[in-house]
Amino acid sequence: MRISGITIPDEKHLEFGLTAIHGIGRSRAQDILNELDIPLTTKPGDLSTEQENGIRSKIDSFTTEGELKRAVAANIKRLKDINSYRGSRHAKRLPARGQRTKTNARTLKGVKKTMGSGKRKLEKT
């Protein structure tokens, strides 16, 4: 089953399989399936054509995939252009929402880079 150019995994329940689409989380997947009266534990191979089309039409009503990524990128670019504090944090690749950076923040900052020459010379006395 393909929706928005993404293949939904056949071995997973629809509740979790729909989360493969960027912009569809677990709660939104549950809402879609509940509105269409499809059990959450149904697998994509067990759906009728009518049910598949219903899921496609519901998902198409949301902003997903490339359109959502473009919108997020445009919002970040706007913050950088107006020289806001959050925009400057994005530009420096640092956390933008008040997290501490002395320790942690490894997701944005990347792997630790040790400072110094790398090898210490020991003096003999």
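What the table below lists for this structure:
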{"item": "Residue satisfying condition, being crowded, with 18+ Cβ neighbours inside 10 Å and among the charged types (D, E, K, R), within set K58, K12", "result": "K58"}
{"item": "2 or more residues touching a residue at least 24 places away in the same chain (Cβ under 8 Å): qualifying helices (runs of 4 or more DSSP H) within the stretch 39-125", "result": "49-60, 65-81"}
{"item": "Matching entry among L47, L68 (being in contact with a helix residue (DSSP H, G or I) (Cβ under 8 Å, 6 or more places away or on another chain) and either among the aliphatic types (A, V, I, L, M) or at pLDDT below 95 (or both))", "result": "L47"}
{"item": "Test: I76 is surrounded by 12 or more Cβ atoms within 10 Å (Cβ to Cβ) and either more than 16 Å from I21 (Cβ to Cβ) or modelled with pLDDT of 95 or more (or both)", "result": "yes"}
{"item": "Qualifying residue in the stretch 47-59 (condition: assigned by TED's automatic domain parsing to the domain that holds P9, of a type in the set (V, I, T) and over 24 Å from the mean Cα position of the chain (by Cα))", "result": "yes"}
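The values are calculated or read from the model by the stated rules, or taken from the named source; none is laboratory data. Please read these numbers as outputs of a predicted model, since none were measured by experiment. Glycine also receives a Cβ, built like all others from the backbone with ideal geometry; neighbour counts cover every protein chain displayed.
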